[in-house]
Protein chains: 2
Amino acid sequence: MFTATEENYLKALFRLGALTEGGKGPAGTNELALELDIRPATVNGMLKKLREKGLVEQRRYGKILLTEAGRLHAVEVIRKHRLWETFLYEKLHFSWDEVHDVAEQLEHIRSVNLIDRLEEFLGYPSVDPHGDPIPDKNGRMPPEVRRTLAESEEGHVCRIVGVCDNSAEFLQYLDRLGLSLGLKMTITRHIPFDGSVELESAGIRMIITRKVAENLLVD
Amino acid sequence: MFTATEENYLKALFRLGALTEGGKGPAGTNELALELDIRPATVNGMLKKLREKGLVEQRRYGKILLTEAGRLHAVEVIRKHRLWETFLYEKLHFSWDEVHDVAEQLEHIRSVNLIDRLEEFLGYPSVDPHGDPIPDKNGRMPPEVRRTLAESEEGHVCRIVGVCDNSAEFLQYLDRLGLSLGLKMTITRHIPFDGSVELESAGIRMIITRKVAENLLVD
DNA sequence: ATATTTTATTAGGACACCCTAACTTTTTTT
DNA sequence: AAAAAAAGTTAGGGTGTCCTAATAAAATAT
């Protein structure tokens, strides 16, 4: 049905939030190319194919959106990826950082039964070793346990998954801080004095105020 | 290092006994093409590539032989295939006939640690669900338990893995019976009267004499 | 509003793997 | 030994996925 390459494109689009609804909004050709580490010209050609297959919607020179079919398949691939990661971590004792590359290959194995049986074997886990939720076989993500950055423990590695305050003011402020949806970070310290949180992301250390921390949802 | 396609060629050559030593001897381009269900012209091109990579030896218009490097890699792929089959059968409860197609994909997953950890997880099995031996990580097949057809139980599914008598007479006789190395069969009945063995292979039922049965090794 | 920069697209090419059709070499049959 | 059959090879294409270089459109800056 789908090639491994096509699946990787869908997955990347999903990651980039090509879903209209919440999130960062649709991605463009260049952004997708960057995400996949493939040249824009190549991506452009593949998008044509995905459009023809009804997986993606895009007007000339426009942003890319996953169709319902595209979204469903993207989620299916993510489900496979996360279940395989869980298998590697829990059953084969791979370390946190080793699982990804192998799961990247395993997620493309085609079989009617394989992934459901693997899920059963693993005891229907709800999150993978990175804490990411595992979608069910109908493409639904389990209700995420959303916690604010302020409640998160020291040393915890997490990602920004949403905000409590949706005001333009707050979002613009986040922008200025370099904080965006999906950003991965490590909670370095909770500072008792004023409730500030020290964190580290992409090699950069920063301190954010308690008020900001209370309004950032992390996983 | 190797593409999935290259690995499939190596595996097929190994199956066809392209090892000089015992067995059926080296295969030709056509035979390999038949085995892989790929046209001879295509196989010819791939053989050039495998020769350049030092995996195969072949003179113009000559038979194909695996080099030591080729043989080692073929065995490695077979090891992966059989360990994955064992996993699917024992842990995910796939049936005997479902495991092959999925293992055919899984055997090409690349990872330094994966297969050794899987082997450990499975408890170092020595044979796969079909009774085929699983090579160890150094490319050695475990000592096969070779039994003659005469000693084999009724209902047993097995393959001809060798002969006791190597005379031209006997081998020509086997040829006439349509019995060849690697042939899969089911032992239907042991006939007490004269020790004959009734068996079934590829939908054809036949009876062979006790003397022949005593000289055929099966797995 | 025009110039610049960024983003998207087109054109043309490469490589892996597959094909069919035609041809050559080797083997087998007569 | 010549004819026929089988096996191996070459020539020329096709698809999928990638590339670079050049161009067109849109967004941004002046």
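The values are calculated or read from the model by the stated rules, or taken from the named source; none is laboratory data. As the structure is a computational prediction, the values presented were derived from the model and not from experiment. Glycine also receives a Cβ, built like all others from the backbone with ideal geometry; neighbour counts cover every protein chain displayed.
Number of residues in segment A:115-136 that are surrounded by fewer than 18 Cβ atoms within 10 Å (Cβ to Cβ), hydrophobic (A, V, I, L, M, F, W, C) and within 14 Å of chain B (Cβ to nearest Cβ): the value is 2.
Within segment A:1-25, the set of residues being buried (at least 19 other Cβ atoms within 10 Å of the Cβ), at pLDDT 85 or above and in a loop (DSSP other than H, G, I, E, B) comprises just one member, A:LEU16. Selection over segment A:80-114 of residues that are within 9 Å of chain B (Cβ to nearest Cβ) and assigned to a helix (DSSP H, G or I) gives a count of 6.
Scanning segment B:89-110 for residues that are without any contact (Cβ under 8 Å) to a residue 24 or more places away in the chain and crowded, with 21+ Cβ neighbours inside 10 Å yields B:PHE94, B:VAL102, B:ALA103. Here B:ARG59 meets each of (1) more than 14 Å from B:LYS11 (Cβ to Cβ); (2) part of a helix (DSSP H, G or I) with one exception, condition (2).
Residue-wise test of (1) within 7 Å of DNA strand C (Cβ to nearest atom); (2) at pLDDT below 95.
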{"position": "A:THR29", "(1), (2)": "yes, no"}
{"position": "A:PRO40", "(1), (2)": "yes, no"}
{"position": "A:ASN44", "(1), (2)": "yes, no"}
{"position": "A:GLU52", "(1), (2)": "no, no"}
{"position": "A:LYS63", "(1), (2)": "yes, yes"}
{"position": "A:ALA69", "(1), (2)": "no, no"}
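Test A:GLU200 against the criterion of being acidic (Asp, Glu), in a strand (DSSP E or B) and surrounded by fewer than 16 Cβ atoms within 10 Å (Cβ to Cβ), and give yes or no. For A:GLU200, the condition - acidic (Asp, Glu), in a strand (DSSP E or B) and surrounded by fewer than 16 Cβ atoms within 10 Å (Cβ to Cβ) - is met.
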